[in-house]
Amino acid sequence: MKQALLVLLAACIQIALQAQPSFDAADIHASPPGARPWSTFFPNRVEIQGMTIVDLIKLAYGADDDTVTGGPAWVDTDRFDIVAKPVRRSSEEALKLMIRGLLADRFQLILRTTEKPLPVWALVPGKRLLIKPAGEGEESICHPRSDQGQFVIVCQNVTISELAGRMRPWAPGHALNHPVVDMTGLKGGYDFTLRVGGEPPVSIFDAVEKQLGLKLEERKQPMPVLAIDHVNRTPSPNPPGVAEKLPAPPTEFEAASVRPSAPGTEPAWVTTPGGRLDIRGLPLIALIESAYGNIAEDKIKGAPKWADTDRFTIVAKMPPSTGGTAVQGMLKSLLADRFQLVAHYEDQPMPVYALVVAKKGAKLEAASGEERSACRITQGDQRTYACTNTSMAQFAERLRISRPVVDATGILGSYNFTLTWTPGDLAEGIQDPTGQLTLFEAIERQLGLRLESQKRPMPVLVIDHVAPLSADQ
């Protein structure tokens, strides 16, 4: 009965989608291993790389991790690349509607809107309101800027509800890990200035309380969520003619100038939909990192010293709406042409952390297999990393520390576990006199695992040949 209802609902969605804007052509395929999520929207082209189904739902519906629920375990792990072309030039909002239709059509995605109690940051009145009501006729706007290391936001005629909706990206260290909800009861627009970060750092919580006279309190609140009722793990095949409608991206810039940067040039990287790439003040090593897919600098071997000190400016022309993958390929060709760069990948011994079982044995709760495979981090004075239905290989891959982490536990299956530690600069083996745990200590004490420093073969980029820039090119 449930399957029949899902089929009927899918048919209704297909009828509804016929009235929505749609892509003229779309290529969907599994992402290569190690792909990182990003997306590029142009009026006549969309490029998406390394996104899970949950990522795609968040992108298309403007949701976040907490407001996408349900679905099988793989919706947080399997990654997909999408290149799509609309019938006509379209706005970003129209392109997001097309992605919704694409998910329903190719993955048979069915979503249901419901409510669920979720953690939120409630914006409530403090002891004394410090913001001023806006004057009549003022434009409603916020101007962000940097001032002596602080992030400063100057707003005029902004409602508290609008403030709550805008606040999360302003918090240093992603401290606002839940949606912000206005519970002040204040009406009308206000003028205010908010200063966060700097040295000593000002947290978003202190800034809101001491500069605005409001408070952020963590609560649970019924919130609208998108529940995944059905989704196929394998998308339907690309229809005939996709390759012809989505021609291969260009491999070389139409024109390019490469020259040494003037002393004191601030580093910058600017691309425009009109087809201009403007790079200023970057060393060759940074250009190589970008051209080869944002490879880490410590994984580039054999580069001369000047590649890290001499800085260059590149101005290049390319077809309008060129995506990020194509820019990487064209930059790689440019470096080969102007610097005679030749490089290859090979495995070399590199410092890693091996995730191993500690002496007293692992402390892990086996997962039922029904939960989504996901890890959620909570920011703040203490960090909490809560994982469900997660294998040790997935956990090792998700750990973001100074070196790659390799699973060497030999533990099979998936588990539920929670880590809590105090962030900071304490290295492995250093004891905090306050008794607070580092990440290394938390992994051993709370999970019965250990991060062990080792050297293992890892892929690196080896520079075979590179020559200084001969002249203004």
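The values are calculated or read from the model by the stated rules, or taken from the named source; none is laboratory data. In this text, all values refer to a predicted model and were calculated from it rather than measured experimentally. Here the Cβ is made from the backbone with ideal geometry for all residues, glycine too, and neighbour counts use every protein chain on show.
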Within the range 359-406, of all residues that are closer than 15 Å to Phe440 by Cα and part of a strand (DSSP E or B), the one modelled with the lowest pLDDT is Arg383
Checked against (1) in the same structural domain as Asp147 (by TED's automatic domain parsing); (2) at negative phi, Pro263 satisfies every condition except (1)
Matching residues in the range 161-174 (charged (D, E, K, R) and either more than 22 Å from Gly149 (Cα to Cα) or in a loop (DSSP other than H, G, I, E, B) (or both)) number 1
Within the range 175-193, residues being among the β-branched types (Val, Ile, Thr) and in a loop (DSSP other than H, G, I, E, B) number 1
Scanning the range 126-152 residue by residue, those under 21 Å from Leu216 (Cβ atoms) and surrounded by 10 or more Cβ atoms within 10 Å (Cβ to Cβ) turn out to be Gly126, Leu129, Leu130, Ile131, Lys132, Cys142, Pro144, Gln150, Phe151, Val152
Checklist entry - Just wondering, is there one or more residues in the range 332-340 that are touching a Ser or Thr at 6+ places or on another chain (Cβ under 8 Å), touching a residue at least 60 places away in the same chain (Cβ under 8 Å) and within 26 Å of Leu412 (Cα to Cα)? => result no
Taking the range 188-203 and keeping residues out of contact with any Phe, Trp or Tyr (no Cβ under 6 Å at 6 or more places or on another chain), under 15 Å from Cys142 (Cβ atoms) and not basic (Lys, Arg) leaves Gly189, Tyr190, Asp191, Phe192, Thr193, Leu194
Is it the case that Thr325 is within 18 Å of Glu252 (Cα to Cα), not in a helix (DSSP H, G or I) and not hydrophobic (A, V, I, L, M, F, W, C)?
no
Among (1) more than 29 Å from Trp421 (Cβ to Cβ); (2) in the same structural domain as Trp269 (by TED's automatic domain parsing); (3) touching a residue at least 12 places away in the same chain (Cβ under 8 Å), His344 falls short only on (2)
Checked the range 264-296 for anything at pLDDT below 90, among the hydroxyl-bearing types (Ser, Thr, Tyr) and crowded, with 16+ Cβ neighbours inside 10 Å; matches are Thr271
Being at pLDDT below 90 and either surrounded by fewer than 20 Cβ atoms within 10 Å (Cβ to Cβ) or not in a helix (DSSP H, G or I) (or both) narrows Leu118, Leu123, Leu97, Leu111 down to just Leu118
Selection from the range 242-275 of residues in contact (Cβ under 8 Å) with a residue 40 or more places away in the chain, in contact with a Lys or Arg (Cβ under 6 Å, 6 or more places away or on another chain) and part of a strand (DSSP E or B) yields Ala255, Val258
| query | Has the range 127-136 got at least one residue that is assigned to a strand (DSSP E or B), in contact with a strand residue (DSSP E or B) (Cβ under 8 Å, 6 or more places away or on another chain) and either closer than 18 Å to Ala63 by Cα or of a type in the set (Val, Ile, Thr) (or both)? | reply | no
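Every residue, every condition in (1) surrounded by 15 or more Cβ atoms within 10 Å (Cβ to Cβ); (2) closer than 30 Å to Ala307 by Cα; (3) under 28 Å from the mean Cα position of the chain (by Cα), yes or no:
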{"position": "Lys332", "(1), (2), (3)": "yes, yes, yes"}
{"position": "Gln340", "(1), (2), (3)": "no, yes, no"}
{"position": "Lys360", "(1), (2), (3)": "no, no, no"}
{"position": "Ser368", "(1), (2), (3)": "no, no, no"}
{"position": "Ala386", "(1), (2), (3)": "yes, no, yes"}
All conditions in (1) part of a helix (DSSP H, G or I); (2) in contact with a helix residue (DSSP H, G or I) (Cβ under 9 Å, 6 or more places away or on another chain) are true of Asp337 except (2)
